[in-house]
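Student: Here it is, the structure in full.
The values are calculated or read from the model by the stated rules, or taken from the named source; none is laboratory data. Just so it is clear, the model here is predicted, and its values are computed rather than measured. With ideal geometry, Cβ positions are generated from the backbone for all residues, glycine too; neighbour counts draw on all protein chains shown. With ligands, DNA and RNA removed, areas are computed over all heavy atoms of the protein, side chains included. Shrake-Rupley method; radii C 1.70, N 1.55, O 1.52, S 1.80 Å.
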Amino acid sequence: MKKIINQPNAVVSELLAGMAKAYPELKHIENLEVISRKEKSKKVGIVSGGGSGHEPAHAGYVGKGMLDAAVAGNVFSSPSPDRIIKGIEEANSGEGVLLIIKNYSGDIMNFSMAKEMAEMDDIRVESVIVKDDVAVPDSTYSTGRRGIAGTVFVHKIAGAKAESGACLEEVKAAAEKAIANIRSMGMAMSACILPAVGKPGFELCENEIEIGMGIHGEPGVERTSIKTAAETADILLSKILADYDYSGSEVALLINGLGATPLMELYIVNNEAEKILSSKGIKIYKTFVGNYMTALEMSGCSITLMKLDKELKELLDAPCNTPALKI
Amino acid sequence: MKKIINQPNAVVSELLAGMAKAYPELKHIENLEVISRKEKSKKVGIVSGGGSGHEPAHAGYVGKGMLDAAVAGNVFSSPSPDRIIKGIEEANSGEGVLLIIKNYSGDIMNFSMAKEMAEMDDIRVESVIVKDDVAVPDSTYSTGRRGIAGTVFVHKIAGAKAESGACLEEVKAAAEKAIANIRSMGMAMSACILPAVGKPGFELCENEIEIGMGIHGEPGVERTSIKTAAETADILLSKILADYDYSGSEVALLINGLGATPLMELYIVNNEAEKILSSKGIKIYKTFVGNYMTALEMSGCSITLMKLDKELKELLDAPCNTPALKI
Amino acid sequence: MGFQLSSKDYAEYIKLAAAKIHENGDYVTALDSATGDGDHWSNINMGFEKLVEAIPELEAMNLFDEFKKIGMIMMSVIGGSSGVLYGSAYIGAAKVLKNRDIIENQDMCNILEAMLEAIMARGNAQPGFKTMIDSLHPAVECYKDCIAKGLSEKKTLSLVKSAAVDGAQSTAAMEAVRGRACYQSNKGIGHLDPGAVTMSYQIETLMDYIAARL
Amino acid sequence: MGFQLSSKDYAEYIKLAAAKIHENGDYVTALDSATGDGDHWSNINMGFEKLVEAIPELEAMNLFDEFKKIGMIMMSVIGGSSGVLYGSAYIGAAKVLKNRDIIENQDMCNILEAMLEAIMARGNAQPGFKTMIDSLHPAVECYKDCIAKGLSEKKTLSLVKSAAVDGAQSTAAMEAVRGRACYQSNKGIGHLDPGAVTMSYQIETLMDYIAARL
Ligand SMILES: Nc1ncnc2c1ncn2[C@@H]1O[C@H](COP(=O)(O)OP(=O)(O)O)[C@@H](O)[C@H]1O
Ligand SMILES: Nc1ncnc2c1ncn2[C@@H]1O[C@H](COP(=O)(O)OP(=O)(O)O)[C@@H](O)[C@H]1O
Ligand SMILES: [Mg+2]
Ligand SMILES: [Mg+2]
Ligand SMILES: [Mg+2]
Ligand SMILES: [Mg+2]
């Protein structure tokens, strides 16, 4: 295992400490592994979080116009309720707190438990659940769709709405609207190694890729041979467009890298994605290309679309200032 | 070779096309592979460039407060003089143009030839040469030190000075001052694959790392076994501090990823670097952590220090708005 | 008179369960690598290590506080899915021990049933979803059945243990509805659920511990 | 009367040189991978492919324009270090062909010398620095020597070719002072310089081509 780390068990606290040192406007609450804004203002607080290993998510989105606190679990493991409660407390200025949860049963259970416990302390808490990954069938029976890179758009929309002075219900409604309009689909070309495990959870042969791979290395929907950038963009977008009708609409587009894929390749994918969307009459309002929601050193990428209306455009364009996204 | 590309020979033009699509404020000059700002203002123009494969460098630094044009060569190959001349023309508003060149003989030869040819067309052109890599001995006999991640600081300082309305000589002097105060040192843990070659240029065994590796996969100064983050930070900083006396000064610190190293690890290295610098009485004024100057999908990192005075602090803090750096 | 466990005895059991889990690291990790993300053993093992460190504190408490404390430690140390589920389970079980100084046969059954209810509520899951519930649920059903039938404690403990172990084995044939295995195209069929296996380790160790004291 | 090359003949030579370079892909790539970044062959091969495409245009030009055009194409297509060096070389050589319609023995010597000077000036390099100069420089010295001694053209061409090839071989023993090999700890000692090898391919092909026409 080639990683620049110290103790595998210490990676989370050390990475957050290193982050807080790089961004003096953030503070790291040790042991509870919460990153929050030092400067507070009276507004609805936004909290997100989840397992570590997705850097810059989630702590990289803490800052003006996005999150007020991010709560980190161990690598790929949901944070425990006590950590989340601390995040809620940090984010609360009396106007209530919105939790942005990705649809993994671990996250849902831990965030719900924290929500119940914070409510017992008279903090108003609401939550939304992001489930943008069209690789997984939508289902009320099972846990259903995973939340992946589209979560970054939800952070942006909810954060901008909160910054505008909206109340908790309005912020939640904006986040729900974003979630309803977001779809993502990804593919991976290589596995990643959990620091505490030391070896990859699966192997892909040279020339093999996995379509629909999750951001924790959960298996995808199909193993196939390596494709060109044009084919890759087509496969991912076709799945998305078959699931949700974006035709004739304006969208925000995110080409997300999983960690080890060079920006060069993400830009090439963007070049192809733009061609496909244009040919279908879908107008790209704003494009984001980069490593926004990663899976350690996995290589591969995902594509996310969010359909925009006037409100979502304004919220997307609103200024934000965080380590990983500045507008 | 697992890459999300189309034709290996088309990667540069496709990546720049994909970039221009993502950032409508930039324009891509096809075939000549120049990225420049659409909006022009009357000021000294700043041009940088070099081989591709270092994304976001160099095109990612085009924008207000940094570069006016970036010129891309093939992967790891200097751009040819005709491309550079186009970049100079794009950047020129009549106040002259500063070329920021990294100290590779290919770059120096191509940029000098372009400079001579542009001067024949009556454009005032000056150039500075970045040579921050302490892995290589400084020498007047050979080409000497390579330019690596520290180049990003030079872009920032020169860009801010130009934006302030300074004349060509003043902008050049600020860039020279930055260069004199910058030192970098890197290490790599895995090789990268040139799209047109299809296989890695060298191999590192499991557990082996290379100290002093260049950003084109040129061999480093020492092969050794994998180290902890604390040891890695110590090795890199010791080399830098032995070369230049930063004691008692304020510095800008850059922890740069080579492409495939997760942000998690870069933050852990930053945590260690801060401890070492603090213990030596070196004050960190501002920290940058991320993939600023990469080598395709190489894994590894470099550390860069720039000693700051009042002028350099102001120029570092001046606003800039580019795809890869916003202040 | 039947068995009686004090809070000190329960702490003693914790030590044995920790050892049982510790021994089976590679096996459980392999199970979670096959159907999930490979961390289940390292999470739960870390939780039990912390519990063992806390034993001096735990054994000095009354049962109610001890169970609540175990729940809080498991919740915060294990993290992930199983941390919050065990946390909820122990906090749920604490409630049935409110005014009890000892755990007797009927209490033990009540404890396991309270744990089952808390886990099912927290995880929004049912038996047959290929989770830890598929070891605990048959154990609880068996326990209630044995008491209803008036079986001896010795017989009861042995049957409950078998029910938990068999229940864990039965997950191999199940399709996952909860947990990470449900993202697999074959829903994990053919693989044991790691959480069910570690649940069965705990029930097995507990039943054996009590039986040895009869 | 000695040999006489027209611009059409020189274009014919370009075709042969392109073929020679094309054939040696793996070998040259391996050389640049050992001491540089592995792209020298793919760069120079692409340059020659473009030159071959431009032959209809080139052979219709006078020598001065033809050499300038070859220089511009090489500079922009090859890129990297060798593109600008060959670009400078051909533009330098064009100057000595300003008012010439044919290339004769002395012209050929002048061309190679002008190329050498342009390359040395552009790259700020000397013989012995482990570069393409170490094939071209001995070839030029030899050419001048042969003319001074009044040797036959046949003999001259053969000696110049050997000097270029031997010069390329001599780079194995040199320490790199220019080019990427100088970043290596052993300065590339033991490896041939790829740029010297491709230079020797061109000189060899050119000498053979002229000799075949005598
Ligand atoms: N909703 C649920 N209800 C009950 N048990 C669950 C549920 N989700 C997961 N589990 C159990 O948790 C186990 C996985 O635990 P663990 O690996 O620690 O967490 P994670 O899945 O977050 O990595 C599964 O094997 C399963 O037994
Ligand atoms: N300063 C120089 N003077 C003369 N020749 C040089 C110089 N620098 C490099 N070369 C030649 O160029 C060759 C490398 O060319 P190439 O691989 O195309 O460029 P790059 O080094 O930019 O990748 C070297 O083998 C050497 O012969
Ligand atoms: Mg987990
Ligand atoms: Mg090159
Ligand atoms: Mg798990
Ligand atoms: Mg080369």
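Student: Output yes when any residue across segment A:244-253 is modelled with pLDDT of 95 or more and within 19 Å of B:E14 (Cβ to Cβ), and no when none is.
Tutor: The answer is yes; a qualifying residue exists.
Student: If you check A:A135, A:A118, which single one turns out to be in a helix (DSSP H, G or I), more than 16 Å from ligand 6 (Cβ to nearest atom) and touching a helix residue (DSSP H, G or I) at 6+ places or on another chain (Cβ under 8 Å)? Steps first, please.
Tutor: Numbers: A:A135 fails: in a helix (DSSP H, G or I).
Step by step, each of A:A135, A:A118 is checked, and only A:A118 is in a helix (DSSP H, G or I), more than 16 Å from ligand 6 (Cβ to nearest atom) and touching a helix residue (DSSP H, G or I) at 6+ places or on another chain (Cβ under 8 Å).
Student: Please report, ordered by residue number, the helices (runs of 4 or more DSSP H) entirely within segment B:218-327 with at least 2 residues that are touching a residue at least 60 places away in the same chain (Cβ under 8 Å).
Tutor: Working: elements: B:229-243, B:263-279, B:310-317.
Here the list reads B:229-243, B:310-317.
Student: Right, next: Within segment C:99-214, considering only helices (runs of 4 or more DSSP H) that don't extend past its boundaries, which have at least 1 residues that are at pLDDT below 95? So that I can check it myself, show each step before the final result.
Tutor: On the way: elements: C:105-123, C:133-149, C:153-170, C:194-213.
Here the list reads C:105-123, C:194-213.
Student: Oh, and also: Quick check on segment A:70-115: of everything there that is within 14 Å of ligand 5 (Cβ to nearest atom) and assigned to a strand (DSSP E or B), which residue is most open to solvent (accessible area, probe 1.4 Å)?
Tutor: A:N74
Student: Collect the residues in segment C:52-64 that are in a helix (DSSP H, G or I) and open to solvent by 10 Å² or more (accessible area, probe 1.4 Å), keeping them in residue-number order.
Tutor: C:V52, C:E53, C:I55, C:P56, C:E57, C:F64
Student: Can you find, within segment A:256-282, the residue that is surrounded by the fewest Cβ atoms within 10 Å (Cβ to Cβ) among those that are at negative phi and of a type in the set (G, A, S)?
Tutor: Step one: of segment A:256-282, the residues at negative phi are A:256-258, A:260-280, A:282.
Restricting the remaining residues to those that are of a type in the set (G, A, S) gives A:257, A:260, A:273, A:278-279.
Details: A:G257: 26, A:A260: 25, A:A273: 28, A:S278: 12, A:S279: 8.
Here the residue is A:S279.
Student: State the number of residues belonging to segment B:184-203 that are within 16 Å of ligand 2 (Cβ to nearest atom), more than 7 Å from every other protein chain (Cβ to nearest Cβ) and modelled with pLDDT under 85.
Tutor: Within segment B:184-203, residues that are within 16 Å of ligand 2 (Cβ to nearest atom), more than 7 Å from every other protein chain (Cβ to nearest Cβ) and modelled with pLDDT under 85 number 1.
Student: Out of all the residues in segment B:204-226, which are aliphatic (A, V, I, L, M), touching a Gly at 6+ places or on another chain (Cβ under 9 Å) and more than 8 Å from every other protein chain (Cβ to nearest Cβ)?
Tutor: So in segment B:204-226, the residues aliphatic (A, V, I, L, M) come out as B:204, B:209, B:211, B:213, B:215, B:221, B:226.
Filter once more, keeping what is touching a Gly at 6+ places or on another chain (Cβ under 9 Å): B:209, B:211, B:213, B:215, B:221.
B:I211, B:M213, B:I215 - these are the residues of segment B:204-226 that are aliphatic (A, V, I, L, M), touching a Gly at 6+ places or on another chain (Cβ under 9 Å) and more than 8 Å from every other protein chain (Cβ to nearest Cβ).
Student: Return the residues of segment D:16-49 that are modelled with pLDDT of 95 or more, charged (D, E, K, R) and surrounded by 15 or more Cβ atoms within 10 Å (Cβ to Cβ); say none if nothing qualifies.
Tutor: Matches in segment D:16-49: D:K20 only.
Student: Please tell me if B:I148 is within 14 Å of chain D (Cβ to nearest Cβ), within 16 Å of ligand 4 (Cβ to nearest atom), closer than 30 Å to B:A260 by Cβ and at pLDDT 90 or above. So that I can check it myself, show each step before the final result.
Tutor: Values: within 14 Å of chain D (Cβ to nearest Cβ): yes; within 16 Å of ligand 4 (Cβ to nearest atom): yes; closer than 30 Å to B:A260 by Cβ: yes; at pLDDT 90 or above: yes.
Considered against the rule, which asks whether it is within 14 Å of chain D (Cβ to nearest Cβ), within 16 Å of ligand 4 (Cβ to nearest atom), closer than 30 Å to B:A260 by Cβ and at pLDDT 90 or above, B:I148 comes out as yes.
Student: Taking the criterion of being within 14 Å of chain C (Cβ to nearest Cβ) and either part of a helix (DSSP H, G or I) or more than 17 Å from the chain's Cα centre (by Cα) (or both), would at least one residue in segment A:165-179 satisfy it? If you could, list the steps in order and put the result at the bottom.
Tutor: First, the residues of segment A:165-179 that are within 14 Å of chain C (Cβ to nearest Cβ): none.
Among the residues of segment A:165-179, not one is within 14 Å of chain C (Cβ to nearest Cβ) and either part of a helix (DSSP H, G or I) or more than 17 Å from the chain's Cα centre (by Cα) (or both), which makes the answer no.
Student: Among the residues of segment B:167-203, write down those that are open to solvent by 10 Å² or more (accessible area, probe 1.4 Å) and either outside the structural domain of B:E231 (by the TED database) or under 20 Å from B:R145 (Cα atoms) (or both).
Tutor: Within segment B:167-203, B:C167, B:E169, B:E170, B:K172, B:A173, B:E176, B:K177, B:I179, B:A180, B:N181, B:R183 meet the criteria.
Student: Looking at segment C:81-101, I want the residues that are free of Cβ contacts under 8 Å to residues at least 24 places away in the same chain and open to solvent by less than 10 Å² (accessible area, probe 1.4 Å) and have a partner that is hydroxyl-bearing (S, T, Y) and not in a helix (DSSP H, G or I) with Cβ atoms under 8 Å, at least 6 apart or on another chain. Which pairs are those?
Tutor: Final answer for the pair search is C:G87/A:S80.
Student: Please count how many residues of segment D:65-81 are of a type outside the set (V, I, T), facing chain B (nearest Cβ under 8 Å) and part of a helix (DSSP H, G or I). Walk me through it before giving the result.
Tutor: Of segment D:65-81, the ones of a type outside the set (V, I, T) are D:65-69, D:71-72, D:74-76, D:79-81.
With the extra rule that they be facing chain B (nearest Cβ under 8 Å), the set shrinks to D:72, D:75-76, D:79-81.
Retained after the next criterion (residues that are part of a helix (DSSP H, G or I)): D:72, D:75-76, D:80-81.
Residues that pass the stated criteria total 5.
Student: Ok, one more. What are the residues in segment B:71-107 that are facing chain D (nearest Cβ under 8 Å) and not aromatic (F, W, Y), if any?
Tutor: B:G73, B:N74, B:V75, B:S77, B:S78, B:P79, B:S80, B:P81, B:D82, B:R83, B:S105, B:G106
Student: Just to be sure, is A:L236 more than 10 Å from chain B (Cβ to nearest Cβ) and under 25 Å from A:K156 (Cβ atoms)? Steps first, please.
Tutor: Values: more than 10 Å from chain B (Cβ to nearest Cβ): yes; under 25 Å from A:K156 (Cβ atoms): yes.
Judged against the criteria, A:L236 is a match.
Student: So if I check each of D:T156, D:T131, D:T198, D:T171, which one is among the hydroxyl-bearing types (S, T, Y), in contact with an Asp or Glu (Cβ under 7 Å, 6 or more places away or on another chain) and open to solvent by less than 10 Å² (accessible area, probe 1.4 Å)?
Tutor: D:T171
Student: Starting from residues that are more than 22 Å from the chain's Cα centre (by Cα) and in contact (Cβ under 8 Å) with a residue 40 or more places away in the chain, keep the ones in segment A:5-63 and report whichever is farthest from the other protein chains (Cβ to nearest Cβ). Walk me through how you get there before you give the answer.
Tutor: Residues of segment A:5-63 that are more than 22 Å from the chain's Cα centre (by Cα), as a first pass: A:5-10, A:21, A:24, A:30-31, A:38-43.
Checking which are in contact (Cβ under 8 Å) with a residue 40 or more places away in the chain leaves us with A:5, A:8-9, A:40-43.
Numbers: A:I5: 5, A:P8: 9, A:N9: 8, A:K40: 23, A:S41: 22, A:K42: 27, A:K43: 23 Å.
Residue satisfying both the conditions and the ranking: A:K42.
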